[in-house]
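Below is one structure, written out as structure tokens; comments come after it.
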Amino acid sequence: MAMSCGRNERMDLIYAQRCLGCHGPSGQGDGPVAASLPARTPDFRQTVENMNVTEIRRVIAEGRGLMPAFEPALRPAEITDMVYMVRFLSREGRDVSWWERFDTLVVAHCNVPWEIVLGYDEPPEKQKR
């Protein structure tokens, strides 16, 4: 089954569990834990301006600075969901003309059935074939 590119409950749940504490409800780096951290938590609006989809995925998967690596804890499809969340949250409160500049990559990425192409979310025995 190909993944939808709209925001969904799975995205919201994973974000609430793994990201909201530091990144905040709108991705501006103002989560309840952020104030106690020794470094500033990134605002997703700057992240989207400065990083492409592959770079954002790498940071989520491998971690960076104080941010832990989520690759061991999240499946590839869930990491993809968090890449989308970064992009969705970066749009909030922005003029449409701003986020349209960055939306082309999301639309292109969303039109590829990644779960089918790469076998995301398949049971491990099917992935080995």
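Things worth noting here:
- Within region 37-68, the set of residues being more than 12 Å from the chain's Cα centre (by Cα) and in a helix (DSSP H, G or I) comprises R45, Q46, E49, N50, E62.
- Count of residues meeting criterion [touching a helix residue (DSSP H, G or I) at 6+ places or on another chain (Cβ under 6 Å), surrounded by fewer than 19 Cβ atoms within 10 Å (Cβ to Cβ) and at pLDDT 90 or above] in region 47-56: 0
- Only one of the numbered conditions (1) at pLDDT below 95; (2) among the polar types (S, T, N, Q); (3) within 14 Å of the chain's Cα centre (by Cα) is not met by Q17, and that is (1).
- Residue selected from region 6-36 under the condition assigned to a helix (DSSP H, G or I) and of a type in the set (G, A, S), by the criterion farthest from V48 (Cα to Cα): S36
- Residue within region 36-46 that is surrounded by fewer than 18 Cβ atoms within 10 Å (Cβ to Cβ), at pLDDT 90 or above and small (G, A, S) present: yes
- Count of region 3-36 residues, restricted to those that are within 17 Å of L66 (Cα to Cα), of a type in the set (D, E, K, R) and in contact (Cβ under 8 Å) with a residue 60 or more places away in the chain, is 1.
The values are calculated or read from the model by the stated rules, or taken from the named source; none is laboratory data. The structure displayed is predicted, hence computed values, not measured ones. Please note: Cβ atoms are built from the backbone with ideal geometry, for glycine as well, and neighbour counts cover all protein chains shown.
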